[in-house]
Amino acid sequence: MVTNVRPVTPNPDKERNFYPMWKPTNQPQTPARPAEPERPTTSAPSAPVMAAAEPIAPRPATTTTTADQATIGKSLVIKGEVTGSESLYIDGRVEGSINLAGNRVTVGRNGIVAANINAREIVVLGKVRGNLTASDRVDIRSDGSLTGDVVAARISIEDGAFFKGGIDIRKGGQPQQKANGEDKSATAEPAAVGARA
């Protein structure tokens, strides 16, 4: 965005023009990370005060937009099964199971989850007790805590994070196996996908 700003000179005879700097009011206390989704807010975002002729630069796009993401707020407690076809941000408490295959599940800093989670991508900023299965990746951030096993193609554990459990790295499309080595999902996926006898 290009703006024309004339320099302000300290001259008492002339009027001073001050141009306000844009400062986000609905951003979290800590700086956001590029992989961390935005949390939807209930208040309308305030637009910067600019001349009407100047276009407002669009914000950089993230992988998950707030329109495609549901939020469980701090005061909500859900017991049971959570399923759906959109991404989910959890800042409250969830007990049971979460199945959002193909979507992202983010457990926020205030989130407490006692559930098995199945999703494309799982980001842990809060506390999780349960097994995680991700078709793409699991990301445990520095304030995050996970007690349970992880099955994913990729995993990231930041310094300061707590993790207690097992890790099973599987390439995308690789079927899960039972303890005796037989395919669990032989009917769901063709056996010829990257597997050799």
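The values are calculated or read from the model by the stated rules, or taken from the named source; none is laboratory data. Given the structure is predicted, the values throughout are model-derived calculations rather than measurements. Here Cβ is always computed from backbone atoms with ideal geometry, including for glycine, and neighbour counts include all displayed protein chains.
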Listing of strands (runs of 3 or more DSSP E) fully contained in the stretch 86-131 that carry 2 or more residues being charged (D, E, K, R): 93-107, 112-124, 127-129
Restricting the stretch 119-135 to residues that are closer than 17 Å to GLY166 by Cα and charged (D, E, K, R), the residue that is surrounded by the most Cβ atoms within 10 Å (Cβ to Cβ): LYS127
Any hit, the stretch 163-185, residues being at positive phi, surrounded by 12 or more Cβ atoms within 10 Å (Cβ to Cβ) and modelled with pLDDT under 95: yes
